[in-house]
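Working notes for the structure below.
The values are calculated or read from the model by the stated rules, or taken from the named source; none is laboratory data. No experiment lies behind these values; they were computed from the predicted model shown. Glycine also receives a Cβ, built like all others from the backbone with ideal geometry; neighbour counts cover every protein chain displayed.
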Amino acid sequence: MKELKIAQRLDQLQTENAFEVLAEVKRLTAEGRHIISFAIGEPDFDTPENIKAAGIRAIAENQTHYSPAGGIPQLKQAIASYIKDTRQISVGPPNIVVTPGAKPIILYSLLACVNPGDEVIYPNPGFPIYQSAIGFIGAKGIPLPIREDLGFSFDPDEFKARVTPRTRMVILNSPHNPTGGVLRTEALEAVVEAANKYDLWVLSDEIYSRIIYEEPFKSIASIPGMVERTIIIDGFSKTYAMTGWRIGYGVMPAQLAHWVTRIQINNESCVSTFTQFAATEALIGSQDGADAIVREFARRRKMMVEELNRVPGIKCPVPAGTFYVYPNVTGACRRLGLKDSKELQRRLLYGGNVAVLAGSAFGSRNDEQEYIRLSYATSEENIREGIHRIKKVLQG
Ligand code: PMP
């Protein structure tokens with residue numbers, strides 16, 4: 001067969017392993033196997049009723065036409081008020097760009113702020129789209145180790161050692177996928193210092209900002225002087241269980257919002273209009289649904305960590321946020337004679353009917369340690385049964 005002529009830039013484009021594992025789980029389930037999946041990156045709850053009703057009402061009222069690129073005014077206003085309240089910063093509708101999911105803000109920010117050949121520092125492990133998008137635009141990704149012994153924050157000195165005159169942007173994600181860690185104050189301060197010194201952009205992915213358990217959420221944008229150089233990513237997917245509606249947003253300096261909106265005009269025009277009405281209700285309506293989701297996650301987190309720490313070969317720190325745990329499974333891999341977390345992922349799926357994600361799905365290994373990510377966006381019953389199955393595999 002004739003080989004397709006594919007553009008060179010696709011050499012750099014990677015994927016999200018989670019979607020592949022989900023497809024494999026579906027295939028095995030169709031074969032009649034009963035799989036317990038901890039691989040999912042979305043809440044297992046349904047969108048709260050008041051939000052669904054607002055979306056349905058908007059369709060009935062024919063909000064089914066194009067909207068202004070960047071978002072409908074009432075949603076931009078609601079987002080600006082929400083961000084002002086939660087980050088104590090002064091922003092208004094001109095600072096907001098509403099996109100189909102939070103994800104597009106990653107690529108759009110890179111396209112708008114970073115030239116080919118520039119360096120971008122990003123968390124390792126981290127959400128795989130950062131590294132993929134950095135490579136895709138022809139920039140150079142500089143991985144920053146996220147360390148278990150620092151509560152899954154990073155070492156300020158390791159950060160400083162990665163900043164060069166070629167650095168253009170730093171990507172932060174707190175609370176952090178996949179570890180559940182929250183960045184410490186000294187880590188944020190190191191970024192602020194470098195950002196001021198080298199005139200850097202900070203892309204702060206705060207999609208899990210509401211799913212945080214003990215400490216209050218702190219955005220780098222709240223630190224004086226940072227609002228002018230920070231792009232906040234936030235959205236509705238996780239907080240309001242709205243992954244399939246496809247809506248999220250970026251908050252950024254107005255001049256940059258103008259350019260990001262222009263990229264959107266060239267690409268998707270706007271987010272579906274009725275979805276924007278539903279999202280407006282999510283922000284200005286009752287928060288009971290969102291609060292109940294976080295309360296339930298808090299309960300499951302405790303159970304998940306306790307159960308996992310009873311399994312020989314697994315050490316699971318208590319994560320500060322998100323709905324993921326990121327246990328150290330170096331002992332488990334050794335016990336079973338497995339090379340790495342990817343082999344453990346396979347053994348658990350094919351030998352134990354449990355789906356997890358290997359740490360290697362989120363970047364390269366730090367310090368020869370092996371990890372897996374488990375999402376507790378699944379029922380208590382599944383958590384107990386799933387961990388029971390993991391234990392059985394590990395006990396051989
Ligand atoms: N950032 C992070 C860190 C995420 O985990 C996700 C979703 N898995 C996203 C962005 C994308 O969110 P959305 O579905 O709203 O595009």
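Of note:
- For the range 56-76, the set of residues classified as within 16 Å of the ligand (Cβ to nearest atom) and assigned to a helix (DSSP H, G or I) consists of Leu75 only.
- Tabulated pairs, the range 11-32, first within 16 Å of Ile372 (Cβ to Cβ), second modelled with pLDDT under 90 and within 13 Å of the ligand (Cβ to nearest atom), C-beta under 6 angstrom, 6+ apart or interchain: Ala18/Gly41
- Residue identified as in contact with a helix residue (DSSP H, G or I) (Cβ under 9 Å, 6 or more places away or on another chain) and either under 14 Å from Ala332 (Cα atoms) or of a type outside the set (Asp, Glu) (or both) among Ser379, Ser364: Ser379
- Members of the range 228-281 that are of a type in the set (A, V, I, L, M) and either under 19 Å from Leu172 (Cα atoms) or outside the structural domain of Ala112 (by TED's automatic domain parsing) (or both): Ile231, Ile232, Ile233, Val251, Met252, Leu256
- The single condition among (1) surrounded by fewer than 17 Cβ atoms within 10 Å (Cβ to Cβ); (2) touching a residue at least 40 places away in the same chain (Cβ under 8 Å); (3) farther than 22 Å from Gly101 by Cα that Arg295 does not satisfy is (2).
- When we screen Val356, Val329 for residues that are over 20 Å from the mean Cα position of the chain (by Cα), among the β-branched types (Val, Ile, Thr) and modelled with pLDDT of 95 or more, the only hit is Val329.
- Hits in the range 243-261 - residues which are farther than 23 Å from Ala221 by Cβ and either crowded, with 22+ Cβ neighbours inside 10 Å or not β-branched (Val, Ile, Thr) (or both): Gly244, Trp245, Arg246
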